[in-house]
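Read through the structure below, which is laid out as structure tokens, and then see the notes.
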Amino acid sequence: MAIIRQHDKRSGITYAYESQSYWDPVKKMTRAKRKLIGRVDPETNEIIPTDGRNRKKDNTGELPPETDYKKLYEKLLKKCESQKATITALKKELKKYKDND
């Protein structure tokens, strides 16, 4: 296992990857699997962990706010009802066009 630093020319950011070598029996050569560790700070040359989507890892240990599942359920029910109404209206319209032909 090795740590590889790769510079992205488009963004100008250097990323750090964990590289693991393995033998590929089909191609009969060594290959490498890389896993993103984080960005490299240009001033301190320190690796700043990221999750791969340009977001820093949350190391604060705080819990996210509780989700109100009842509100989510009610919102989904309303959405489902409106979709059912749309489907029935489209079926009626389709039937009307079929009867005209």
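Here are the numbers for the structure shown:
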read-out	value
Residues of the stretch 63-80 that turn out to be open to solvent by 80 Å² or more (accessible area, probe 1.4 Å), modelled with pLDDT of 85 or more and assigned to a loop (DSSP other than H, G, I, E, B), as a count	0
Qualifying residue in the stretch 47-62 (condition: at pLDDT 90 or above and either outside any strand (DSSP E or B) or open to solvent by 90 Å² or more (accessible area, probe 1.4 Å) (or both))	no
Subset of the stretch 1-37 (residues that are in a strand (DSSP E or B), of a type in the set (Ser, Thr, Tyr) and out of contact with any Pro (no Cβ under 9 Å at 6 or more places or on another chain))	Tyr15, Tyr17, Ser19, Ser21, Tyr22, Thr30
Matching residues in the stretch 22-38 - criterion: being closer than 16 Å to Ile4 by Cα and either modelled with pLDDT under 90 or open to solvent by less than 80 Å² (accessible area, probe 1.4 Å) (or both)	Ala32, Leu36, Ile37, Gly38
Matching residues, the stretch 1-55, being among the aliphatic types (A, V, I, L, M) and out of contact with any strand residue (DSSP E or B) (no Cβ under 9 Å at 6 or more places or on another chain)	Val26
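The values are calculated or read from the model by the stated rules, or taken from the named source; none is laboratory data. Computed from a prediction, not measured in an experiment: that's the story for all the values here. Glycine gets a Cβ as well: all are built from the backbone with ideal geometry, and neighbour counts include every protein chain shown. Heads up: the accessible areas ignore ligands, DNA and RNA and are worked out on the full protein's heavy atoms, side chains in. Shrake-Rupley method; radii C 1.70, N 1.55, O 1.52, S 1.80 Å.
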